[in-house]
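Sharing a structure here in structure tokens format.
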Amino acid sequence: MTDPRRAIPRTDTLLASAPFVAAAERLGRDVVRVAITAAQQQARDGSIGPDEVPATALAGLPTRASSLTAVLNATGVVVHTNIGRAPLSPSAIEAVVAAAGYVDVEMDLATGARSRRGAGALAALLDAVPDATGALVVNNGAAALVLATTALAAGREVVVSRGEMVEIGDGFRLPDLIASTGARLREVGTTNRTHLRDYADAIGPGTGCVLKVHPSNFRVDGFTAEVGLGELRGLRRPDGSPVPVVADIGSGLLRPDPLLPDEPDATTWLRAGATLVTASGDKLLGGPQAGLVLGDAEVVERLRRHPLQRALRVDKLTLAALEATLRGSVPPVTAALHVTADELRPRVEALAAALGRGVVAVEGRVGGGGAPGVPLPGWAVEIPADAVERLRVGEPVVLARVEGGRGLVDLRCVPADRDGDVEAALRAALGDDGPDPGTPTP
Ligand SMILES: *Cc1c(COP(=O)(O)O)cnc(C)c1O
């Protein structure tokens, strides 16, 4: 009697067949081999027949080579750290794809000579912030701060107000970050009030720079005082030399935004007297993860020439995305921040009507530790709270939020052309098979 297990197709045979060759090209040979081995094992166990091995192996393959899963953001939180902060604009996505191959990131094609890396992104930054004469791009906002304090104050002192000793999220504290650079932190003033004389008393021959940090994720109200950048810029060491003022604005706004009156922007802070401004690329700027340094060209050049800069520099994909964010189509973050409740309402009502659900007024959030006091009025479809969990593991993944015991689907950060996908995901999560005009609105 022949052993049916001898009929199980061999790994090499399967790997050489067309569907597996195609799969290996997309997903890698090892992944495909693992799926084949698993299917062969099922055939040996007798849970499938030998002839079912190819189909079972193909069905067991992951759909993508990367395990990252795209999600639709129906939380109403615009800059959501856990889902990658800013989604890229169409222009930035196109630029990333174009830069994925060989690209002239550090070559002048006219002469064939080496050129300034990422010159296009730097020019776009300087065009966007004419008050800066120099610009530099590093890995993220924290890296910008580390590079600035290292280049200007390693082995010396960074003077900073006690009102600005902030934790920026996930346990990262600015004082620890700065201490890690070998600079000494010289704290001045108190939590709620710091005066010019506090800074002046602390400045000495060992001062590397003054640091001003925007406390982006909280507000101190009441009896408060802080010192303006203009006054800080006037501070001198005993030998009369000026002290550079590094200002961390965090959010990456390049110009004032009337919607966010308390949010600092690079232009205003440079005009007010900052020597350098540091910021994130993937918060309110709506671009790729990056750290921006803008300001005095000579001081920026000191940072650029520091050996640490080489360890913090960004790749071609980031440079491409950043330039296209600055020059191209409106970033989704900007659109989601500025969309009004009236503009959102018809979309939310159409979705609610299709599902026979109710609409409620809600407030979205800027998120990303930015503008904590700014509500973003909008509308959401109300769903049972337990459906929010099913949405999170559905296809496509939709992230809604739970508030006051109810689930809320807020379309603020969902691209308008994906409303149909949200509807399909909601139907599945709500156990609703299709439009039913007889369903009463709860
Ligand atoms: C977010 C933030 C940072 C850190 O920026 P990353 O890009 O996340 O590294 C630093 N300072 C402030 C004030 C921030 O808001």
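Can you pull out every residue in segment 46-63 that is of a type in the set (A, V, I, L, M, F, W, C) and in contact (Cβ under 8 Å) with a residue 24 or more places away in the chain?
Start the filter on segment 46-63 by keeping residues that are of a type in the set (A, V, I, L, M, F, W, C), which leaves 48, 53, 55, 57-59, 61.
If the condition is that a residue be of a type in the set (A, V, I, L, M, F, W, C) and in contact (Cβ under 8 Å) with a residue 24 or more places away in the chain, then V53, A57, L58, L61 are the ones that fit.
Taking the residues in segment 369-380 that are within 15 Å of the ligand (Cβ to nearest atom) and open to solvent by less than 20 Å² (accessible area, probe 1.4 Å) as candidates, determine which candidate is modelled with the highest pLDDT. I'd like the intermediate steps shown before the answer.
Restricting attention to segment 369-380, the residues satisfying the condition of being within 15 Å of the ligand (Cβ to nearest atom) are 369-374.
With the extra rule that they be open to solvent by less than 20 Å² (accessible area, probe 1.4 Å), the set shrinks to 370-371.
On the way: G370: 71, A371: 74.
The residue in question is A371.
Test of understanding: among A429, A350, A425, which residue is under 30 Å from T63 (Cα atoms), part of a helix (DSSP H, G or I) and either over 26 Å from the mean Cα position of the chain (by Cα) or modelled with pLDDT under 95 (or both)?
Values: A350 fails: under 30 Å from T63 (Cα atoms); A425 fails: either over 26 Å from the mean Cα position of the chain (by Cα) or modelled with pLDDT under 95 (or both).
When all the criteria are applied, what remains is A429.
Among G208, G171, G204, G182, which is away from the ligand (no atom under 15 Å from the Cβ) and open to solvent by 30 Å² or more (accessible area, probe 1.4 Å)? Don't jump to the end; show me each part of the working.
Values: G208 fails: open to solvent by 30 Å² or more (accessible area, probe 1.4 Å); G171 fails: away from the ligand (no atom under 15 Å from the Cβ); G204 fails: open to solvent by 30 Å² or more (accessible area, probe 1.4 Å).
Exactly one of G208, G171, G204, G182 is away from the ligand (no atom under 15 Å from the Cβ) and open to solvent by 30 Å² or more (accessible area, probe 1.4 Å), namely G182.
Now for a separate question. Can you name the strands (runs of 3 or more DSSP E) wholly within segment 132-185 that have at least 3 residues being touching a helix residue (DSSP H, G or I) at 6+ places or on another chain (Cβ under 6 Å)?
Working: elements: 134-138, 157-161, 167-169.
Counting at least 3 such residues, we get 134-138.
Restricting to segment 16-45, count the residues that are within 19 Å of R5 (Cα to Cα) and either touching a His at 6+ places or on another chain (Cβ under 7 Å) or touching a residue at least 24 places away in the same chain (Cβ under 8 Å) (or both). Even if it seems obvious, please write down each step before you answer.
Initially, segment 16-45 is screened for residues within 19 Å of R5 (Cα to Cα), giving 33-45.
Okay, now just the ones that are also either touching a His at 6+ places or on another chain (Cβ under 7 Å) or touching a residue at least 24 places away in the same chain (Cβ under 8 Å) (or both), so 35-37, 40, 43-44.
Residues that pass the stated criteria total 6.
Can I ask one more? Please go through segment 96-130 and pick out each residue that is open to solvent by 40 Å² or more (accessible area, probe 1.4 Å) and under 20 Å from the mean Cα position of the chain (by Cα).
Within segment 96-130, V97, A100 qualify.
Restricting to segment 5-61, and then to whatever is of a type in the set (K, R) and part of a helix (DSSP H, G or I), can you tell me which residue is surrounded by the fewest Cβ atoms within 10 Å (Cβ to Cβ)?
Applying the first criterion (of a type in the set (K, R)) to segment 5-61 yields 5-6, 10, 26, 29, 33, 44.
Next, only the ones that are part of a helix (DSSP H, G or I) stay: 5-6, 26, 29, 33, 44.
Values: R5: 12, R6: 7, R26: 13, R29: 13, R33: 16, R44: 14.
The selected residue is R6.
Determine whether E343 is assigned to a helix (DSSP H, G or I), out of contact with any His (no Cβ under 9 Å at 6 or more places or on another chain) and surrounded by fewer than 24 Cβ atoms within 10 Å (Cβ to Cβ). Show your work before the answer.
Numbers: assigned to a helix (DSSP H, G or I): yes; out of contact with any His (no Cβ under 9 Å at 6 or more places or on another chain): yes; surrounded by fewer than 24 Cβ atoms within 10 Å (Cβ to Cβ): yes.
Answer is yes for this residue.
Within the set of pairs 6+ apart or on separate chains, which have a first residue in segment 136-162 that is touching a residue at least 24 places away in the same chain (Cβ under 8 Å) and within 11 Å of the ligand (Cβ to nearest atom), a second that is among the acidic types (D, E) and assigned to a strand (DSSP E or B), and C-beta atoms under 6 Å apart?
Short answer, once both residue conditions are applied: L145/D248.
Got a sec? Which of G182, G208, G189, G163 is of a type outside the set (F, W, Y) and over 24 Å from A279 (Cα atoms)? Spell out the reasoning first.
On the way: G182 fails: over 24 Å from A279 (Cα atoms); G208 fails: over 24 Å from A279 (Cα atoms); G163 fails: over 24 Å from A279 (Cα atoms).
Unique residue meeting the criteria: G189.
Continuing with the same structure: Are any of the residues in segment 62-76 modelled with pLDDT of 95 or more, in a helix (DSSP H, G or I) and open to solvent by less than 40 Å² (accessible area, probe 1.4 Å)?
no
Quick check on my filter: what residues within segment 280-302 are buried (at least 24 other Cβ atoms within 10 Å of the Cβ) and either in contact with a His (Cβ under 9 Å, 6 or more places away or on another chain) or farther than 10 Å from V138 by Cα (or both)?
Our first condition is that a residue be buried (at least 24 other Cβ atoms within 10 Å of the Cβ); within segment 280-302, this holds for 280-288, 290-295.
Across segment 280-302, the qualifying residues are D282, K283, L284, L285, G286, G287, P288, L294, G295.
On the given criteria, is A400 aliphatic (A, V, I, L, M), open to solvent by 60 Å² or more (accessible area, probe 1.4 Å) and at pLDDT 95 or above?
On the way: aliphatic (A, V, I, L, M): yes; open to solvent by 60 Å² or more (accessible area, probe 1.4 Å): no; at pLDDT 95 or above: yes.
No; evaluated as a whole, the condition is false for this residue.
Is segment 43-60 home to any residue that is closer than 30 Å to V414 by Cβ and basic (K, R)? Quick ask: steps written out before the conclusion?
So the first thing to find is which residues in segment 43-60 are closer than 30 Å to V414 by Cβ, and the list is none.
No, segment 43-60 has no match at all.
Quick test for you: out of A336, A385, pick the one residue that is more than 17 Å from L430 (Cα to Cα) and surrounded by 15 or more Cβ atoms within 10 Å (Cβ to Cβ). Reasoning before the result, please.
Details: A385 fails: more than 17 Å from L430 (Cα to Cα).
Of A336, A385, the one residue that is more than 17 Å from L430 (Cα to Cα) and surrounded by 15 or more Cβ atoms within 10 Å (Cβ to Cβ) is A336.
Okay, moving on. Can you spot a residue in segment 230-245 that is within 16 Å of the ligand (Cβ to nearest atom) and of a type outside the set (S, T, Y)?
Keep residues of segment 230-245 that are within 16 Å of the ligand (Cβ to nearest atom), which gives 245.
Okay, now just the ones that are also of a type outside the set (S, T, Y), so 245.
Taking every residue of segment 230-245 in turn, at least one turns out to be within 16 Å of the ligand (Cβ to nearest atom) and of a type outside the set (S, T, Y).
The values are calculated or read from the model by the stated rules, or taken from the named source; none is laboratory data. Not measured: the values here are computed from a predicted model. Every residue, glycine as well, gets a Cβ built from its backbone with ideal geometry; the counts of neighbours run over all protein chains shown. These accessible areas exclude ligands, DNA and RNA; they are computed on the full protein's heavy atoms, side chains included. Shrake-Rupley method; radii C 1.70, N 1.55, O 1.52, S 1.80 Å.
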